[in-house]
Amino acid sequence: MPDKHTSSPIAFLDGSYMPLEDARVGIMTHALHYGTGAFEGIRGNWNEDEGKTYIFKLKEHYERMLRGAKLLFIDIPYSIDELCEITVEVIQRSGFTEDVYIRPMAYKGEEKVANLNLRALGDSFFCLAVPFGQYIDSDGAISCCIASYRRIDDTMVPPRFKLAGLYLNSILAKTDALSSGFDEAIMLNQDGHVCEGTGENIFVVHGDKIATPTLESNVLPGITRQTVIDLAINELGLKVQERPIDRSELIDADEVFLTGTAAHIQAVGSIDHRLVGSGSVGHLTKSLQDLYFPIVRGQNLKYLHYCTPASYLGVKKT
């Protein structure tokens, strides 16, 4: 089995596989100037025992990406099945033996500036993967603040799609949080209700009741968000409310946790220097983590259909 340090990242760009360092775009590329792209962040989780990576909910990610591409009048010549096959091959050719983060993007690739007509621009697609560990450097509960920036409203740029330009909203809030000594920021929507983290959905727990903001609260319809809702209902027998959440509920909650492809399930221990519950990982959050992590690594046969295996070329189970 190859050592993880000998991997050679491979990218797919407009129909061709190539070394990642050779995958380049020009400085006049429309998406570089205007953020005209729909993308996804996908986890590939390394299973050491089986010598393969399990890609979590790959099809669902591409379904969401294509919805965003449709909004931007981006048309790429690949079906969802073909996109999944491309992704698996990128992983296989790269030779990683560790967790990876997969970034596909459909974007306006034409080298043309001073043109704001989406219909008049050519389209491109790439897919790459890079080694990726923890998104937030903490094994416990993190500290958060309430962001001064409000979440973009659906009437501005629809936040239910992962659009490149939209993420400046999250980046500003995240940067301010880190600069002030926090791990993450929690954003409110234009109505002042709780929306989400800068790259995660949010859940609050009161006793055995779980609530998360509705999609109408301008949240991203997170794939991990839906997974957690399903696990809470089907495995823990709990009810999950999707409803508007007041800011004050965050401090009054027994537990608060964030969910996302990059962050997985992340406990929140304090918000604006006020403890949430005991300030540590809550019981329900831990129960969901214990369910979730074996699933995304292909170790729970009941949920194996959630994962797409990528067996590395030349690598066999030991």
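Exposure check, 1.4 Å probe, all protein chains in place: Val130 carries approximately 50 Å² of accessible surface.
Amide H of Asn47 versus every other amide H placed in the peptide plane: which residues, excluding those fewer than 5 positions away on the same chain, fall under 5 Å? Counting only residues 5 or more places away or on other chains, the set is Lys52, Thr53, Tyr54.
Solvent-accessible area per residue for region 216-256 at a 1.4 Å probe radius, Å²?
Numbers: 1930 Å² over 41 residues.
I get 47 Å² per residue for this part.
Could you give each residue of region 133-148 its phi-based ³J(HN,Hα) in whole Hz, using Karplus coefficients 6.51, -1.76, 1.60 with θ = phi - 60°, and x for Gly or Pro? Values, residue by residue: x, 6, 6, 10, 6, 7, 8, x, 8, 9, 9, 10, 10, 7, 5, 6 Hz. Is the shape of the chain rounded, prolate or oblate, going by the alpha carbon gyration tensor and its root eigenvalues a ≥ b ≥ c, with a/c under 1.5 for rounded and a/b larger than b/c for prolate? Oblate shape, in that a/c is at least 1.5 and b/c is the bigger or equal ratio. Rounded to the nearest Hz, the phi-derived 3J(HN,Hα) couplings of region 295-309 under the Karplus curve 6.51 cos²θ - 1.76 cosθ + 1.60 (θ = phi - 60°) are 5, 6, 9, x, 9, 10, 4, 4, 10, 4, 5, 6, 10, 10, x, where x marks glycine and proline. Given a 1.4 Å probe and the protein chains as shown, Cys145 ends up with an accessible area of around 20 Å².
Once C-alpha pairs closer than 8 Å and six or more residues apart are averaged by separation and normalised to the residue number of the chain, the relative contact order reads 21 percent.
Its DSSP H runs of at least 4 residues, each contributing -39,500 (n - 2.57), put the calculated 222 nm mean residue ellipticity of the chain at -7500 deg cm²/dmol, to the nearest 500. The stretch between Asp252 and Asp139, if pulled fully straight at 0.36 nm per residue, gains 38.4 nm over its current Cα-Cα span.
About its Cα centre, the chain has a charge dipole of approximately 400 debye under the convention of +1 per Lys or Arg Cβ and -1 per Asp or Glu Cβ, with nothing else charged. Charged neighbours of Ile223, selected by a Cβ distance under 13 Å, balance to +3 (K, R count +1; D, E count -1). Amide H contacts of Ile271 (H built 1.01 Å from N, in plane; Pro and chain starts excluded): Cys144, Val276 sit under 5 Å, all sequence-distant by 5 or more or on other chains.
What FRET efficiency comes out for the pair Ser311/Asp272, r = Cβ-Cβ distance, R0 = 45 Å, nearest 0.05? All intermediate terms of the calculation are to be shown ahead of the outcome.
Working: r = 47 Å, r/R0 = 1.03.
Between Ser311 and Asp272 the formula returns 0.45.
Per residue, the solvent-accessible area of region 21-64 (1.4 Å probe, heavy atoms of protein chains only, all protein chains present) comes to 40 Å².
For the set Asp246, Asp272, the ranking by accessible area, highest first and with no ligand, DNA or RNA atoms included, is Asp246, Asp272 under a 1.4 Å probe. Between the C-alpha center of region 43-72 and that of region 100-118 there is a gap of 20 Å. If you wrap the tightest convex hull around every Cα atom of region 135-249 and split its volume per residue, you get 114 Å³.
Couplings 3J(HN,Hα) for region 14-29, derived from phi with the Karplus relation 6.51 cos²θ - 1.76 cosθ + 1.60 (θ = phi - 60°), are 6, x, 10, 8, 7, x, 4, 5, 8, 7, 10, 10, x, 6, 9, 4 Hz, where x marks Gly and Pro.
Summing +1 for each Lys or Arg and -1 for each Asp or Glu among the other residues whose beta-carbon sits under 13 angstrom from that of Leu178 gives -3. Would you please classify the overall shape of region 1-129 from the alpha carbon gyration tensor, given that a ≥ b ≥ c denote the square roots of the eigenvalues, rounded means a/c under 1.5, and beyond that prolate means a/b larger than b/c while oblate covers the rest? Prolate, because a/c is 1.5 or more and a/b exceeds b/c.
Could you order Tyr303, Tyr34 by accessible surface area, starting with the largest, using a probe radius of 1.4 Å? Display every interim value, and only then the final one.
Numbers: Tyr303 20, Tyr34 95 Å².
Final ranking, largest accessible area leading: Tyr34, Tyr303.
In this structure, the residue pairs whose Cα-Cα separation is over 21 Å, taken from Lys108/Lys162; Lys57/Lys108; Lys70/Lys108; Lys59/Lys209; Lys57/Lys209; Lys209/Lys286, are Lys57/Lys108; Lys59/Lys209; Lys57/Lys209.
The values are calculated or read from the model by the stated rules, or taken from the named source; none is laboratory data. Only a predicted model underlies this, so the values are computations on that prediction, with no experimental measurement involved. Please note: Cβ atoms are built from the backbone with ideal geometry, for glycine as well, and neighbour counts cover all protein chains shown. Ligands, DNA and RNA are excluded from the accessible area calculation, which covers all protein heavy atoms including side chains. Shrake-Rupley method; radii C 1.70, N 1.55, O 1.52, S 1.80 Å.
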